[in-house]
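Participant: The structure that follows is given in the form of structure tokens.
We did not get these values from a lab; they are worked out from the coordinates using the rules stated. Computed from a predicted structure; not experimentally measured. Every residue, glycine among them, receives a Cβ derived from its backbone with ideal geometry; neighbour counts consider all protein chains shown.
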Amino acid sequence: MERFLQYLFDGLSIGSVYALMALGLVIIYRGTGHLNFAQGEMALFSTYVVYQMGEWGIPIGIALIIGLAVGFLIGAATEVFLVRPVAKKSAFAVFIVTLGLFQGLNWLDSAIWGDQVLPNSAVSKQQQFPTLFPNKSTDFVRILGAEWRLKYLGVLLLVLVLTAVMFLVFNKSRAGLAMRAVASNSESAKLVGIRTHQVLMVSWGLASAIGALGGVVFAGINGTVNLNLMFTVFIYGSAAATLGGFDSPGGAVLGGLMIGVIENMAAGYFPDWVGQEMKLGLAFVVIVGVLLVKPSGMFGTAKVERV
Amino acid sequence: MTLLETHDLTAGYGPITVLHGLELQVDEGEIVVILGANGAGKTTTMRAISGVIPRHGSVTFEGRSIGRASPDSIVRHGLAQVPQGRGTFPELSVEDNMKCGAYVRRDGSAAIAADVKRWFGTFPRLAERRNQRAGSLSGGEQQMLAIARALMSRPKLLLCDEPSLGLAPLITQELFAVLEHLNRDEGLSVLLVEQNANLAMHMASRVYLLETGRVVATGTGEELSADDTIRKAYLGF
């Protein structure tokens, strides 16, 4: 029981990061029907920015806000300057552009910060990547024998609050109505007076900022940032979005938490069989499984066509 | 007073030009009907006026040029389009569809809620289905929703692109009765594209007959149906 709870807590916490990644993917997919391959790398850049702020002695609260703002700008600029010009031509072109951006951003990160694990004692003043939550070894709650460290618990609470806020924004606000309208029927959205370009730009910015938050809390959990940090998170996030339904924000969050738990349970209970190295394969099993059984995911709506 | 006027309007899709210098006018309080066979350019005319497709030539609305304006700003001028094939938001509820129609309004949620209630009164079947997804409605209900949504922006001119398409004759009559009523009692001007010539001409102040992107005849419904050649070639009765 204790072991089960431990895997559950760890799974929910790490799953929160996947949930943020999936949420970002879903917001972009709903708006434009594109899978943003660069979602993880866009988040990684902002994560490095937050690391750099820490080096300059800026407290994590302010650094996070700046990091999210940078994330928003990257997303918005990507939509305006890279995606919009090619989207008219073909959806495949957008795919290639985001793939190129994936490479380009990773190269940029490596050019600025190198391929080392940061922070490290050779170049950094910080001991470890700043975390938003209490991080001493005594900072945990004990539930039925299992420990839940506050920095892990905090990530889950953060994601749940963000999900609630996003739900209200999507379903109760004028901006949310516009986003849903554009996702549903872009030409009709124009005809009722919605500035669809603006909505798409903000959607990409928002998705990228949410991804940046995911990157920062994930680096906080790990204590470090490096060039490969977000790659596995992107894979798990894609699996989560597939599981939850690519057009359902709530499904994405639930899918993320589930993937996190499945991953941790599998690696914990079958260490020889799945282990730490093989568990990424689980993401692919989930993706293929969902696509075979229910292609629209748990909460997605089946689309007749979408090119 | 002239509400909408197009002069030398040319539009099309990519390399294909569909409209060749269209001249059209809608006066305040009129119901103007555009008739024409398939491919005559009726829908293209609507899309060019509402700014969804690139166009050349001049389009003026209340004396102001809207020939280069974007679709969203054209709605703000007071010109709402009911697109062909209804164009509702299938994933959104009926009520959210209506609220989208009021997106350009800035007079507060109370006034918007009052208008939602009002159009639910006009279209009681929409009221019964207010929380259903628009995609689950029947064709006739979706058409009513599309019209109600357009009216939510409180337009001066309503562009209706073949509202009778795919509807049972009774439902079509019902819809046209609503449009006539709005025109007579509320002073709403209407530009209507139709293939259902009989019904549409009956209520039209003026009719334009379109052929391959040009106006080939114009006049009142009586004038056009009195002309034997036009009647036989275009109106089919």
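Participant: Calculated FRET efficiency, B:I16 and A:A91, Cβ-Cβ r, R0 25 Å, to nearest 0.05?
Facilitator: Working from the Cβ atoms, E equals 0.60.
Participant: How high is the relative contact order of chain B? Use alpha-carbon pairs under 8 Å, at least six apart in sequence, and give a whole percent.
Facilitator: The value is 28 percent.
Participant: Additional query: How many partner chain Cβ atoms sit within 10 Å of a residue's Cβ in peptide B:87-100, on average, as a whole number? Each step should come with its number before you reach the end.
Facilitator: On the way: counts 6, 3, 10, 5, 9, 6, 0, 0, 0, 6, 6, 0, 4, 14.
Per-residue shielding by partner chains comes out at 5.
Participant: Sort out for me the Cα centre separation of the range B:51-88 from the range A:86-124, rounded to whole Å.
Facilitator: 41 Å
Participant: Summing Lys, Arg as +1 and Asp, Glu as -1, what charge do residues with Cβ under 12 Å from the Cβ of B:L24 carry, B:L24 excluded?
Facilitator: On the way: positive: B:K42, B:R206, B:R214; negative: B:E5, B:D8, B:E23, B:D27, B:E30.
Spelling it out: positives minus negatives among the neighbours equals -2.
Participant: Report, ordered by chain and residue number, the lysines lying within cross-link reach of A:K125, taken as a straight Cα distance under 28 Å and ignoring same-chain residues fewer than 8 apart.
Facilitator: By straight Cα distance, A:K125 reaches A:K136, A:K151.
Participant: On to the next question. Per the Debye formula with a single identical scatterer at each Cα and no solvent contribution, what log10 I(q)/I(0) holds for the range A:2-232 at q = 0.09, 0.10, 0.13 Å⁻¹?
Facilitator: Debye output, listed in q order: -0.40, -0.49, -0.80.
Participant: Say R0 is 22 Å: what FRET efficiency, to the nearest 0.05, do A:A122 and A:W56 get from their beta-carbon distance? Display every interim value, and only then the final one.
Facilitator: Values: r = 18 Å, r/R0 = 0.81.
Efficiency, rounded to the nearest 0.05: 0.80.
Participant: Give me the lysines in straight-line cross-link reach of B:K232: C-alpha distance below 27 Å, same-chain residues under 8 apart excluded.
Facilitator: B:K42
Participant: In addition: Residue by residue through A:167-175, how many Cβ atoms from other chains fall within 10 Å of the Cβ on average?
Facilitator: Numbers: counts 0, 0, 0, 0, 1, 0, 0, 5, 0.
Neighbouring Cβ atoms belonging to other protein chains average 1 per residue here.
Participant: Where a ≥ b ≥ c are the square roots of the eigenvalues of the C-alpha gyration tensor, would you call the range B:86-194 rounded, which needs a/c under 1.5, or, failing that, prolate if a/b is larger than b/c, or oblate?
Facilitator: Oblate, since a/c reaches 1.5 and b/c is not below a/b.
Participant: May I ask you to derive the FRET efficiency for A:T138 and A:T301 from their Cβ-Cβ distance with R0 = 51 Å, giving the value to the nearest 0.05?
Facilitator: 0.60
Participant: Now for a separate question. Rounded, prolate or oblate: which fits the protein assembly as shown when a ≥ b ≥ c are the square roots of the eigenvalues of the alpha-carbon gyration tensor, with rounded for a/c under 1.5 and prolate only if a/b beats b/c?
Facilitator: The shape class here is prolate.
Participant: Cα centroids of the range B:100-138 and the range B:197-237: how far apart, whole angstrom?
Facilitator: Value for the Cα centre distance between the two parts: 35 Å.
Participant: If contacts are Cα pairs under 8 angstrom and at least 6 residues apart, what is the relative contact order of the range B:89-154 in percent? Could the numbers behind the result be given before it?
Facilitator: On the way: 69 pairs, mean separation 36.8, N = 66.
Across the range B:89-154, relative contact order equals 56 percent.
Participant: In whole angstrom, how far apart do the alpha carbon centroids of the range B:8-46 and the range A:151-170 sit?
Facilitator: Value for the Cα centre distance between the two parts: 51 Å.
Participant: Per DSSP H run of n ≥ 4, the term is -39500 (n - 2.57); total these for chain B, divide by its residue number, and report the mean residue ellipticity at 222 nm rounded to 500 deg cm²/dmol.
Facilitator: Rounded to the nearest 500, it is -10500 deg cm²/dmol.
Participant: For the range B:105-167, rounded, prolate or oblate, judged on the Cα gyration tensor with a ≥ b ≥ c (square roots of eigenvalues), a/c < 1.5 rounded, else prolate if a/b > b/c?
Facilitator: Verdict is oblate for the range B:105-167.
Participant: How much net charge surrounds B:H181 when only other residues with a Cβ under 14 Å from its Cβ are counted (Lys, Arg +1; Asp, Glu -1)?
Facilitator: Values: positive: B:R118, B:R184; negative: B:E174, B:E180, B:D185, B:E186.
After counting each charged neighbour, the total is -2.
Participant: Determine the gain in length on full extension of the stretch B:Q195-B:S109; use 0.36 nm per residue of separation and subtract their C-alpha separation, reporting nm with one decimal.
Facilitator: 27.2 nm
Participant: Given an 8 Å cut-off on Cα distances and at least 6 residues of separation, report the relative contact order of the range A:53-146 as a percent. Kindly include the intermediate steps, with their values, before the conclusion.
Facilitator: Details: 35 pairs, mean separation 26.6, N = 94.
Over the range A:53-146, the number comes to 28 percent.
Participant: May I pose another question? Work out from phi, with θ = phi - 60° and the Karplus expression 6.51 cos²θ - 1.76 cosθ + 1.60, the ³J(HN,Hα) of each residue of the range B:178-192, listed in order in whole Hz, and give x for Gly and Pro.
Facilitator: Per residue, the Karplus-derived 3J(HN,Hα) values read 5, 4, 4, 4, 5, 5, 6, 8, 10, x, 6, 8, 9, 10, 10 Hz.
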